[in-house]
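Undergrad: Below you will find the structure I want to go over with you.
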Amino acid sequence: MEKATFGSGCFWCTEAMFQRLKGVYNVKSGYSGGESNNPTYREVCSGQSGHAEVIQLEFDPEIISYKDLLEVFWKTHDPTTLNRQGNDVGSQYRSVVFYHNEEQKELAEAYKHKLDTSDIWNDPIVTEISPLETFYPAEVDHDDYYNQNSSQPYCAFVVAPKVAKLKKVFADKLA
């Protein structure tokens, strides 16, 4: 098993997508990339801690590759908006890949370069690619949030369409 850590806006959205992929296990919402130790959801949402909302997952590279995870990451959010995904605004919602080793760094940088030199996006990719220093798990009430709260308005109007897109675009990678 290997680990991957991604931030692509609200971690409820990101968790809901990645936990549906074959070969992905133990998806956990959390915080990374900031200044404070053991931040709380309230501190991160204030934008003052410097942390991004992220998910950390374990995956079996014999079932799903890190390259495949990067493809899902970049195709399920807008990597050209700085500190924003939809109506979620602030540095805590930034697009970020926290790599665990040099191979992940090289793959993330190559994929970002490929996107930047393509005609897919009108604006440059602003995704941060940084080494993972510390991952702080989010409070337990954020675990499996979409699956437990799918009728909640945010989940119904924001998360559900992203999950539907994932099911359409990545049907071959779903568990």
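Nothing in this text is a laboratory measurement; each read-out follows from the coordinates by a stated rule. Quick caveat: nothing in here was measured; it's all calculated off a predicted structure. Every residue, glycine as well, gets a Cβ built from its backbone with ideal geometry; the counts of neighbours run over all protein chains shown.
Undergrad: Treat each spin label as a single point 7 Å out from the Cα along the C-beta direction, and report the residue 38 to residue 87 distance in nm.
TA: 3.4
Undergrad: Still on this structure: Cα-based count: Lys pairs in the chain below 16 Å, eight or more positions apart or different chains?
TA: 23
Undergrad: Then there is this: Put +1 on the Cβ of every Lys and Arg and -1 on every Asp and Glu Cβ in the chain; which of 91, 101, 175 then has its Cα farthest towards the positive end of the dipole?
TA: 175
Undergrad: Which shape class applies to segment 80-175: rounded if a/c is under 1.5, otherwise prolate when a/b exceeds b/c and oblate if not, where a ≥ b ≥ c are the square roots of the Cα gyration tensor eigenvalues?
TA: Taking the square roots of the gyration eigenvalues as a ≥ b ≥ c, segment 80-175 is prolate.
Undergrad: Residue 143 to residue 71: extension gain in nm, 0.36 nm per residue of separation minus the Cα-Cα distance?
TA: Difference between extended and current length: 23.5 nm.
Undergrad: Right, next: Given the options 164, 16, 138, state which has the largest fluctuation in a GNM of the chain using a 10 Å cut-off (strictly under) for Cα springs.
TA: 164
Undergrad: For residue 169, what charge total do you get from the other residues with a beta carbon under 10 Å from its beta carbon, if Lys and Arg give +1 and Asp and Glu give -1?
TA: Net charge in that neighbourhood comes out at +3.
Undergrad: Relative contact order, percent, of segment 9-59 when contacts are C-alpha pairs under 8 Å separated by at least 6 residues?
TA: 45
Undergrad: Give me the compactness ratio for the chain, meaning the Cα radius of gyration over 2.2 N^0.38 Å.
TA: 0.95
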